[in-house]
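K.L.:
What follows is a structure written as structure tokens; I'll ask about it next.
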Amino acid sequence: MSLFAKSHFRYNTPKSGVLMFSVRFWGVRGSMPCPGPETVAYGGNTSCLEIRAGKRLLIVDLGTGIRPLGDRLMSKDYWDGPVEADIFVTHTHWDHIMGFPMFTPIFSKDTKLFVRGPVSSDEDDLGSIIDAHFSHRYWPVKQSELAATIEFDEIKAGEIDLGDGILIKSEYLNHPLPCLGFRFEFEGKSVVTIFDHEPYPDEKENEKVLKFIENADVLIHDSQYTAEEFKNRAGWGHSSFEWVFESAVKAKIKNLIFFHHDPNRSDRQLKKLEKQFRCRAAKTKTGIKTAVAWEGLVLDI
């Protein structure tokens, strides 16, 4: 697997019989967008991944990173034909859904979106929570006025067979709001996303998550804090670089991507952490590779 494809990598519609499995990062921050001179290298948009599995387009989360993704999908040199996508929402905290009103394809009548995510409220379903962002008190266009066809489905931990050889597994994580981790499996390869998760107090629960991520080709994991920072932030629903690395080694992960960066984490600090954990990975002699996620990073699996 080529872990670091060029940031300007351009997808093409696969030729007949040629299968493709890849991930592109459009938003890598947690909590809130943070544009500015200190975040240029790694990016300041919140959570959004683009996954290609054969001819299918999958999107994970609707953070502000989905705005540039939408603009590219409407470009003929990037996507051929109407936009049809399966969107998986990890949970409905603001930083993971706030970009959806700026997703250009929702204004096209040819767009078809199927949005899945966990139940997060006794009062409102998934569609209602997303719809609230299109209220005129927040946004000039109501969801009912959008041209695209959008369907919502509330899901729990389990499995979904999308067809075309794509299997999606999901597992609940430790977060103040119900949150799902996803395991995307295609052609014998796997990509796992663990966003907004902190260690369980109960080791049996931690073992359940380890089993869920075990032997993944790529693990993309929330590492918003360092171990020292986590001491004062327990209960907030995020992990530390150190704990994530130890878990990845235990689970025999091939490629670990640190993700959901703290909005106050500068490019210089992220670069230092990346170097630190690459050195630590080399010392394990397990073959695990590590990287800090940046906007534009493409993983060709």
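K.L.:
Name the residues in the range 121-156 that are in a loop (DSSP other than H, G, I, E, B), loosely packed, with under 15 Cβ neighbours inside 10 Å and not acidic (Asp, Glu), would you?
P.N.:
Result: SER121, SER135, HIS136, ARG137, TYR138, TRP139, PRO140, VAL141, LYS142, ALA147, LYS156.
K.L.:
Here is a follow-up. Considering only residues that are at pLDDT 95 or above and basic (Lys, Arg), look in the range 10-35 and name the one that is surrounded by the fewest Cβ atoms within 10 Å (Cβ to Cβ).
P.N.:
Going through the qualifying residues, I end up with ARG24.
K.L.:
Hey, another quick one. Just to be sure, is SER223 touching a residue at least 24 places away in the same chain (Cβ under 8 Å), surrounded by 21 or more Cβ atoms within 10 Å (Cβ to Cβ) and hydroxyl-bearing (Ser, Thr, Tyr)?
P.N.:
yes
K.L.:
Out of the residues in the range 210-229 that are of a type in the set (Gly, Ala, Ser) and part of a loop (DSSP other than H, G, I, E, B), which is farthest from the chain's Cα centre (by Cα)?
P.N.:
The extreme case among them is ALA216.
K.L.:
Scan the range 139-172 for residues that are farther than 27 Å from HIS197 by Cα and of a type in the set (Phe, Trp, Tyr) and jot them down.
P.N.:
Once the filter is applied, which keeps residues that are farther than 27 Å from HIS197 by Cα and of a type in the set (Phe, Trp, Tyr), the range 139-172 yields only TRP139.
K.L.:
With respect to the numbered conditions (1) farther than 22 Å from ARG56 by Cβ; (2) outside any helix (DSSP H, G or I); (3) hydrophobic (A, V, I, L, M, F, W, C), which one is the sole condition not fulfilled by ILE168?
P.N.:
(1)
K.L.:
Report whether or not VAL40 is closer than 21 Å to MET74 by Cβ and at pLDDT 95 or above.
P.N.:
Against the criterion (closer than 21 Å to MET74 by Cβ and at pLDDT 95 or above), VAL40 does not qualify.
K.L.:
Moving on. Give the range 241-264 a look and list any residue that's touching an Asp or Glu at 6+ places or on another chain (Cβ under 9 Å), surrounded by 22 or more Cβ atoms within 10 Å (Cβ to Cβ) and farther than 18 Å from ASN174 by Cα, or say none.
P.N.:
Hit for the range 241-264 is ILE253, nothing else.
K.L.:
So which residues in the range 176-200 are surrounded by fewer than 20 Cβ atoms within 10 Å (Cβ to Cβ) and in contact (Cβ under 8 Å) with a residue 12 or more places away in the chain, if there are any at all?
P.N.:
PRO176, LEU177, PRO178, GLU185, GLU187, LYS189, PRO199, TYR200
K.L.:
Separate question: As an exercise: evaluate GLU50 against (1) at pLDDT 95 or above; (2) among the acidic types (Asp, Glu); (3) over 24 Å from VAL298 (Cα atoms) and give the number of the one condition it does not meet.
P.N.:
Here GLU50 meets the rest and fails (3).
K.L.:
Determine whether the range 228-237 contains at least one residue that is under 28 Å from ILE166 (Cβ atoms) and out of contact with any Cys (no Cβ under 9 Å at 6 or more places or on another chain).
P.N.:
no
K.L.:
Further question: With (1) part of a loop (DSSP other than H, G, I, E, B); (2) in contact with a Leu (Cβ under 9 Å, 6 or more places away or on another chain) as the list, and ILE87 as the residue in question, which single condition is left unmet?
P.N.:
Of (1) part of a loop (DSSP other than H, G, I, E, B); (2) in contact with a Leu (Cβ under 9 Å, 6 or more places away or on another chain), only one is false for ILE87: (1).
K.L.:
Just the residues that are under 27 Å from ALA234 (Cα atoms) and more than 16 Å from the chain's Cα centre (by Cα), please, taken from the range 156-177.
P.N.:
LYS156, ALA157, ASN174, PRO176, LEU177
K.L.:
While we're looking at this one, here's another question. Specify which of the listed residues (ASP80, ASP110) is of a type in the set (Asp, Glu), in a loop (DSSP other than H, G, I, E, B) and closer than 23 Å to PHE184 by Cβ.
P.N.:
Of the residues listed, the single one that is of a type in the set (Asp, Glu), in a loop (DSSP other than H, G, I, E, B) and closer than 23 Å to PHE184 by Cβ is ASP80.
K.L.:
Just wondering, is there one or more residues in the range 242-257 that are in contact with a His (Cβ under 6 Å, 6 or more places away or on another chain) and either among the polar types (S, T, N, Q) or outside any strand (DSSP E or B) (or both)?
P.N.:
The answer is yes, given that some residue of the range 242-257 is in contact with a His (Cβ under 6 Å, 6 or more places away or on another chain) and either among the polar types (S, T, N, Q) or outside any strand (DSSP E or B) (or both).
K.L.:
Then there's this: From (1) at positive phi; (2) of a type outside the set (Gly, Ala, Ser); (3) free of Cβ contacts under 8 Å to residues at least 12 places away in the same chain, pick out the condition that doesn't hold for GLU203.
P.N.:
Unmet for GLU203, out of (1) at positive phi; (2) of a type outside the set (Gly, Ala, Ser); (3) free of Cβ contacts under 8 Å to residues at least 12 places away in the same chain: (1).
K.L.:
Being surrounded by fewer than 15 Cβ atoms within 10 Å (Cβ to Cβ), in a loop (DSSP other than H, G, I, E, B) and of a type outside the set (D, E, K, R) is the filter here, so list the residues in the range 265-292 that pass it.
P.N.:
Matches in the range 265-292: THR286, GLY287.
The values are calculated or read from the model by the stated rules, or taken from the named source; none is laboratory data. It should be emphasised that the depicted structure is a prediction, and the values quoted were computed from it without experimental measurement. Heads up, the Cβs are rebuilt from the backbone with ideal geometry, glycines too, and the neighbour counts pull from every protein chain shown.
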